[in-house]
Amino acid sequence: KDIDECATGTHDCRADQVCVNLRGSFSCQCPPGYQKRGEQCVDIDECTLPPYCHHRCVNTPGSYYCQCNAGFQLASNNHTCVDINECDANNPCAQQCYNILGSFICQCNPGFELSSDRINCEDTDECRTSSYICQYQCVNEPGKFSCVCPEGYQVVGGRTCQDINECETTNECREDEICWNYHGGFRCYPRNPCQEPYVLTSENRCVCPVSNAICRELPYSVVYKYMSIRSDRTVPSDIFQIQATTIYPNTINTFRIKSGNENGEFYLR
């Protein structure tokens, strides 16, 4: 009957060896992952043997394991490395995420720009990029901007300011008044600006009848005209021209600023 030296302990295998019973004898072998070198068992470096790891191989006593580079993970065969879709797994981007091999990139929606951490998005202040982006005033908003106009104006084309003609829309002029539109607002003027002894002969001309004795010492006619004068005009500049008429012979024409020049902003040339 065969004696099992491995079971009875009558073998002389080293502590780092495995005893294998044979018929009439026994054999000293190295455990898996080791090989005999002389009488000693030394570790086999599996990283130098196929099947090779896809990315990195780490040798361990009696075994080995594979590692993957950042952005990859081990497949079920424990050798191959497959890309991790960071956008699906745990989207790290604040807005838009695009997966690439081994990594990902973040992008921002229009009106935002990528911050220094390459993940978060910061609002782009379009109003700082150019002082001409709006005709009047630029208002920055999250992801966009808007242009505003002063009172009496409306935004046209998103950036330009256009005067609102209140006389064509809504105004508070009475029936005996006419509406005059100007840049940024409107005014109500008397429909009949003539004062005694003048009478209205046309839309804006007042005439003093020669039959009235009072009229002999007064100008024959007075003409009312209204105009808009922008407040930001470069000065000096011509505002309007008036020319003496030759309809009435032997007439002396004089011109003067009757009122409104208390601060001396206007002058006659």
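The values are calculated or read from the model by the stated rules, or taken from the named source; none is laboratory data. Computed from a prediction, not measured in an experiment: that's the story for all the values here. When we count neighbours, we look across all protein chains shown, and the Cβ atoms used for this are built from the backbone with ideal geometry, even at glycine. Calculation scope for accessible area: heavy atoms of the full protein, side chains included, ligands and nucleic acids excluded. Shrake-Rupley method; radii C 1.70, N 1.55, O 1.52, S 1.80 Å.
How many of the residues making up the stretch 26-56 are open to solvent by 50 Å² or more (accessible area, probe 1.4 Å) and on the phi < 0 side of the Ramachandran plot?
Selection size over the stretch 26-56: 19.
Search the stretch 194-208 for residues that are under 16 Å from Asp176 (Cα atoms) and not assigned by the TED database to the domain that holds Glu177 and pair each with any residue that is open to solvent by 20 Å² or more (accessible area, probe 1.4 Å) and charged (D, E, K, R) when their beta-carbon atoms are under 8 Å apart and the residues are at least 6 apart or on different chains.
Sorted first by the residue in the stretch 194-208, then by its partner, the pairs are Asn204/Lys225.
Any residue in the stretch 148-172 that is under 20 Å from Tyr136 (Cα atoms) sitting within a Cβ distance under 9 Å of a residue that is open to solvent by less than 50 Å² (accessible area, probe 1.4 Å) and among the acidic types (Asp, Glu)? List the pairs, counting only those 6 or more apart or interchain.
If the second residue must be open to solvent by less than 50 Å² (accessible area, probe 1.4 Å) and among the acidic types (Asp, Glu), the pairs left are Gly152/Asp163; Gly152/Glu166; Tyr153/Asp163; Gln154/Asp163.
Yes or no, residue by residue, for (1) open to solvent by less than 80 Å² (accessible area, probe 1.4 Å); (2) assigned to a loop (DSSP other than H, G, I, E, B); (3) touching a Cys at 6+ places or on another chain (Cβ under 9 Å):
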{"site": "Phe186", "(1), (2), (3)": "yes, no, yes"}
{"site": "Tyr189", "(1), (2), (3)": "yes, no, yes"}
{"site": "Glu196", "(1), (2), (3)": "no, yes, no"}
{"site": "Glu203", "(1), (2), (3)": "no, yes, no"}
{"site": "Cys206", "(1), (2), (3)": "yes, no, yes"}
{"site": "Pro209", "(1), (2), (3)": "yes, yes, yes"}
{"site": "Ile214", "(1), (2), (3)": "no, no, yes"}
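Output the number of residues of the stretch 50-99 satisfying the condition of being among the acidic types (Asp, Glu) and out of contact with any Leu (no Cβ under 6 Å at 6 or more places or on another chain).
Summing the residues that are among the acidic types (Asp, Glu) and out of contact with any Leu (no Cβ under 6 Å at 6 or more places or on another chain) in the stretch 50-99 gives 2.
Anything in the stretch 221-247 that is part of a loop (DSSP other than H, G, I, E, B) and open to solvent by less than 100 Å² (accessible area, probe 1.4 Å)? List them, or say none.
Step one: list which residues in the stretch 221-247 are part of a loop (DSSP other than H, G, I, E, B), which gives 224-247.
Selection gives Tyr224, Tyr226, Met227, Ser228, Ile229, Arg233, Ser237, Asp238, Ile239, Ala244, Thr245.
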